[in-house]
Each structure stands twice: as C-alpha cells, then as structure tokens.
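The values are calculated or read from the model by the stated rules, or taken from the named source; none is laboratory data. Keep in mind that this is a model prediction, so the values were computed, not measured. Note: ideal-geometry Cβ built from the backbone for every residue, glycine included; neighbour counts use all protein chains shown.
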Amino acid sequence: MWHAGAMTEAVLLVGGQGTRLRPLTINTPKPMLPVAGVPFTVHQITRARDAGVTRIVLGTSYKAEVFREFIDGSDLGIEIVIATEDEPLGTGGAIRHALPYLQSGPDDPVLIFNGDVLSGVDITGLVDHHARTGSDVTLYLTPVEDPRAYGLVPTDQHGRVTAFLEKPTHPHEIVTNNINAGCYVFRRSVIDAIPHGRVVSVERETFPGLLASGALVSGVVDSGYWLDLGTPLSFVQGSRDLVLGHAPSPAVPSRGDFLALDGASIAASAQVHGGTSVGRGAVIGEGAVVNGSVIFDGARIDAGALVRNSIVGVDAQVGADCVLDGAVIGDGAVIGAGNELLTGVRIWPGSQLAATTIRFSSDRS
Ligand code: GDD
Ligand code: MG
C-alpha cells in the first residue's frame, strides 16, 4: 500500500512554438525569452523551488537545445532534468513523456505547469487542497472577463470539477468565467494512465476522460495575479509587472521604475520608466523616452526616439526620432531614423527599414 508523500517534483511544459510571439520566437523558444532580466522560465522554476520542489522535468520539444545550453539547475538551487520529445506530443503527451524521469511514488503529488503563465498562485495551498480532498487531479482556476480563449472549468459547490471545455466555440458552452490557469497537481498514477507515444491533449482528452470515468478532479479558484504571456502585449505587460513588483517572482534582479542589466547604458537626458527593462549592453540615446517596454541585450535606441509598450530584439537598432508603440522588432533589425511603427507591427529579424524624412509630431509625454 502506497501513501502519498510530499510534493517534491514538477513537470514544466515548455515545448510549444510560441507562434503568436513571432518573430521573437524564431530564434528563442518563448519560455527562454528574457523577462525582467532572466529567461521567463526561471521565474516559474524559482517559484516552484520556493514551494518545495527539488526536482523539475522540463518537457521540451521546439528548440530544446536552447534550454540545454542556458538552463542550469545548480545556479538555481534545484535539480533540472530536460526531457525532449522527438515530435511534439501535445500537453498530455508531454506529461506522459516526462514519467520515466520522475522519481515520485504512485500516490505522490506531482506539480505540472504551463510554461507561459505568470502567476502568484499559492502552490502550497493547491497541494494541501489536493491532499486534503484526496483528489486525483487538482486544478488552479482563475476568473477572467472573457474566457473563450482558454479552458473553461465549471465546479460544483464543493469545488469538484464538473466539466472541462477547451476553447469553446458555442455560446451555450460559456458556462463559467473560471478558466484553467495552467497549473495542476496530479496524483502520479494518473500520469501513468495517459497513453504513451502519441499526441495527447491534456485539456481535450485527459481531463474530459477523467471526468467521464468518475475520477475526483478538484478546482481551486485563486483570483490573485495571473497572466498568459502568449501575445506581444501580454509579454511586455508581464515583464513590466515583474519589474514594478506587481507580479511575484524571486528571480527579478531588482525592482523599481525600470531595470537596467549589467553593461546597459542610458543617456543622462533619456527617460526610462514604466517597468521597462534594458538588456545587457543595450544603449538608450539622449532624449529618448522608453516606457513599459522590453529592450533585449545589445539593442540600441537612438536619440529622441519614443518607445512605448514595445519589444526590441537582441542587437536591433531603433533610429533617432522613431516612434514605436506596441511594436515588436525582431533580433538584429535596423529601423532607420524617423519611422513610426504602431500597435501590431512586427519587424522580421535582420530586416532594414530606410530612414524617413517625415517627422511625426507625436505627444511625447
Ligand atoms: N513539451 C511540450 N510538447 N509542450 C507543449 C506542447 C508539446 O507538444 N504543446 C504545448 N506545450 C506547452 C506550451 O509550451 C505551453 O507552455 C503549454 O504547453 C500550454 O500550451 P499553449 O499552446 O500555451 O496553450 P494555450 O495557452 O492555448 O492554452 C492552455 O493554457 C491556458 C492558460 O494559459 C490550456 O491549458 C488552457 O486550458 C488554459 O486555459
Ligand atoms: Mg499559452
């Protein structure tokens, strides 16, 4: 007879392609993009560590080599094991693929989380709830205004999950505002039962299957900080919230109105604020205004440019007097002086944009 032990292991799902964040994710998988000074995944790993996880399996697929090169658990005080799928196996397939790398007993709780969610979830509270209720799976749920882009998870008055509706398309399926917030506790034996060696969606197959078989699936609603960093605007928001201290993470190098990493250079007359982070060796020119943005390592923002809610890739250059608002500039792109790039604009890595002689009279406050 097995008894459940403490939660010491986690599986972090980081194999997705990050399509909505292209072109940033062409060279770098989404969880490895720098957010508030460190790869995003480090914020999640250190939060799990602080909740008692001593060993974490990274379920990788897309650009797995980048994780192998840059993530070292000994720096972070946790053992990290990198599991790589030959072909992407989906969220459930990736969890099953991680099984041989786990050391937990069959009844032990294993923490599982999506690699693109920034949250303040009380991990210990989630695990306690799982143990107290004897659940097979416990899901972290969060209320959102428009749940349609997520997994909808209605519960009964005891917190028992009654259905799992992934990205529903019919209005009658919009039965709750509580969504799957992308963090679960699984009894390890539930992982064993996921089919092996094929694509499985935990959201579309495993959860509905567990409910149909009468398994005890619990939901814990937590309305604290939660953000999915899937789009450029939410990516900059997450980075900004970490720098400003609105989102919790033990891995932010320092908090304040902005974060400047080693070797960043900011001209005396430049204004950098709103939770902006300025990467290693990046240069902000005289009179430039950079607000709520992420400037990657080695990027250059020239004199008089206005950059707001934007992401500027590694070694990219933004010419003098450019106006960027909600733009994404790929690695190494060169934007000639005086260009105006507004919300939704994405510039491919290495592209060159000629300077323009038209000067925009934008509000520079
Ligand atoms: N290893 C591996 N292999 N990881 C994968 C694979 C795969 O084949 N496919 C996706 N992932 C990882 C992604 O990297 C991401 O961290 C996580 O699994 C979830 O995939 P997304 O593609 O980001 O899904 P989503 O955002 O559309 O929806 C998911 O998250 C929502 C919350 O943010 C679902 O879990 C929803 O139910 C949930 O509400
Ligand atoms: Mg996602």
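Quickly run through region 43-80 and pick out the residues that are touching a Leu at 6+ places or on another chain (Cβ under 7 Å) and not in a loop (DSSP other than H, G, I, E, B).
Within region 43-80, His43, Gln44, Ile45, Thr46, Ala48, Arg49, Ile56, Val57, Leu58, Gly59, Phe67, Ile80 meet the criteria.
Look at His158 and say whether it is away from ligand 1 (no atom under 16 Å from the Cβ), in the same structural domain as His43 (by TED's automatic domain parsing) and under 23 Å from Thr46 (Cβ atoms).
Values: away from ligand 1 (no atom under 16 Å from the Cβ): yes; in the same structural domain as His43 (by TED's automatic domain parsing): yes; under 23 Å from Thr46 (Cβ atoms): no.
For His158, the condition - away from ligand 1 (no atom under 16 Å from the Cβ), in the same structural domain as His43 (by TED's automatic domain parsing) and under 23 Å from Thr46 (Cβ atoms) - is not met.
Just checking, how many residues over region 124-150 are part of a helix (DSSP H, G or I) and either away from ligand 1 (no atom under 15 Å from the Cβ) or surrounded by 22 or more Cβ atoms within 10 Å (Cβ to Cβ) (or both)?
The initial filter retains those residues of region 124-150 that are part of a helix (DSSP H, G or I), namely 124-133, 147-149.
With either away from ligand 1 (no atom under 15 Å from the Cβ) or surrounded by 22 or more Cβ atoms within 10 Å (Cβ to Cβ) (or both) added as a condition, the list becomes 124-133, 147.
Of the residues in that region, 11 qualify.
Any residue that is buried (at least 20 other Cβ atoms within 10 Å of the Cβ), of a type outside the set (A, V, I, L, M, F, W, C), farther than 30 Å from Pro154 by Cβ and modelled with pLDDT under 95 - is there at least one of those in region 252-263?
no
Kindly provide the set of residues from region 11-27 that are aliphatic (A, V, I, L, M) and away from ligand 1 (no atom under 13 Å from the Cβ), ordered by number. Talk me through it step by step, then tell me what you get.
Narrowing region 11-27 to residues aliphatic (A, V, I, L, M): 11-14, 21, 24, 26.
Correct list: Leu24, Ile26.
Evaluate the following for Val121: is it assigned to a loop (DSSP other than H, G, I, E, B), more than 9 Å from ligand 1 (Cβ to nearest atom), buried (at least 21 other Cβ atoms within 10 Å of the Cβ) and of a type in the set (A, V, I, L, M)? Outline the logic, then answer.
Numbers: assigned to a loop (DSSP other than H, G, I, E, B): yes; more than 9 Å from ligand 1 (Cβ to nearest atom): yes; buried (at least 21 other Cβ atoms within 10 Å of the Cβ): yes; of a type in the set (A, V, I, L, M): yes.
Answer is yes for this residue.
Which members of region 1-42 meet the condition of being of a type outside the set (A, V, I, L, M), farther than 25 Å from Asp297 by Cβ and part of a strand (DSSP E or B)? Outline the logic, then answer.
Taking region 1-42 as the starting set, the residues that turn out to be of a type outside the set (A, V, I, L, M) are 2-3, 5, 8-9, 15-20, 22-23, 25, 27-31, 34, 37, 39-41.
Filter once more, keeping what is farther than 25 Å from Asp297 by Cβ: 2-3, 5, 8-9.
Listed by number, the list holds a single entry, Glu9.
Could you check region 273-305 and list, in sequence order, the residues that are crowded, with 24+ Cβ neighbours inside 10 Å and either among the polar types (S, T, N, Q) or in a strand (DSSP E or B) (or both)?
Thr276, Ser277, Val278, Ile284, Val290, Ser293, Val294, Ile295, Ile301 - these are the residues of region 273-305 that are crowded, with 24+ Cβ neighbours inside 10 Å and either among the polar types (S, T, N, Q) or in a strand (DSSP E or B) (or both).
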